[in-house]
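The values are calculated or read from the model by the stated rules, or taken from the named source; none is laboratory data. None of the values given here were measured: they were computed from a predicted structure. Methodologically, a virtual Cβ is constructed for each residue, glycine included, from the backbone with ideal geometry; neighbour enumeration extends over all protein chains shown.
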Amino acid sequence: MDTIDRKIISMLQDDAETPISVIAETVSLSVTPCWRRIQKLKEAGVIRKQVALCDATKLNVGVTVFISIRTSQHSQAWLDKFAQHVKDIPEVVEFYRMSGDVDYLIRAVVPDIAAYDRVYKRLIKISDIYDVSSSFAMEQLKYSTALPVDYAP
């Protein structure tokens, strides 16, 4: 991956609808070679998907909840079952297995506390969970879907 690819990726992360002609001009390429580079980045899996980013407040899911889960179960079978059920909860937008004191961290978006309570009840029905702790975001100070490109090989 060279400097031109990094510039292309940065532009597409900023706005995936940027016309190829604009990208090509910015990175000093003609349209066809620029288009080919984008296709190669897609084929290589560098560009996984192009999506629409929606406003959570306008979709009435403006409350962000970080849910920390601890369990005494650490078998693959337990993880497989737990992960599948968590992935089926539409309010869950991020889900991580962690190191340290917390086993799993979930980011969910909901309209209010009552909706979060329904998510919580779904979580505790899934499997044996030792502890569930939730924190509500008071204010979003930074949010980005753009990944840094300077580390790309």
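What the table below lists for this structure:
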| quantity | calculated |
| --- | --- |
| Contacts under 8 angstrom Cβ, first residue in the range 117-141 being closer than 20 Å to Pro90 by Cβ and assigned by TED's automatic domain parsing to the domain that holds Glu91, partner among the charged types (D, E, K, R) and in a loop (DSSP other than H, G, I, E, B), 6 or more apart | Val119/Glu91 |
| Residue match in the range 71-78 (condition: of a type in the set (A, V, I, L, M) and surrounded by 10 or more Cβ atoms within 10 Å (Cβ to Cβ)) | no |
| Every pair of residues 6+ apart whose Cβ atoms lie under 9 Å, when the first sits in the range 85-114 and is in the same structural domain as Ser72 (by TED's automatic domain parsing) while the second is loosely packed, with under 10 Cβ neighbours inside 10 Å and assigned to a strand (DSSP E or B) | none |
| Matching residues in the range 87-102 - criterion: being within 14 Å of Phe66 (Cβ to Cβ) and either surrounded by 15 or more Cβ atoms within 10 Å (Cβ to Cβ) or among the hydrophobic types (A, V, I, L, M, F, W, C) (or both) | Glu91, Val92, Val93, Phe95, Met98, Val102 |
| Residue match in the range 134-150 (condition: surrounded by 12 or more Cβ atoms within 10 Å (Cβ to Cβ) and within 19 Å of Leu79 (Cβ to Cβ)) | no |
| Filtered residues of the range 49-84 (kept if among the hydroxyl-bearing types (Ser, Thr, Tyr), within 21 Å of Lys142 (Cβ to Cβ) and free of Cβ contacts under 8 Å to residues at least 60 places away in the same chain) | Thr57 |
| Matching entry among Val102, Val149, Val109 (being in contact with a Ser or Thr (Cβ under 6 Å, 6 or more places away or on another chain) and within 30 Å of Ile8 (Cα to Cα)) | Val149 |
| Residues located in the range 95-127, provided they are assigned to a loop (DSSP other than H, G, I, E, B), under 22 Å from the mean Cα position of the chain (by Cα) and small (Gly, Ala, Ser) | Ser99, Gly100 |
| Residues (touching a Ser or Thr at 6+ places or on another chain (Cβ under 6 Å) and not in a loop (DSSP other than H, G, I, E, B)) located in the range 128-146 | Ser133 |
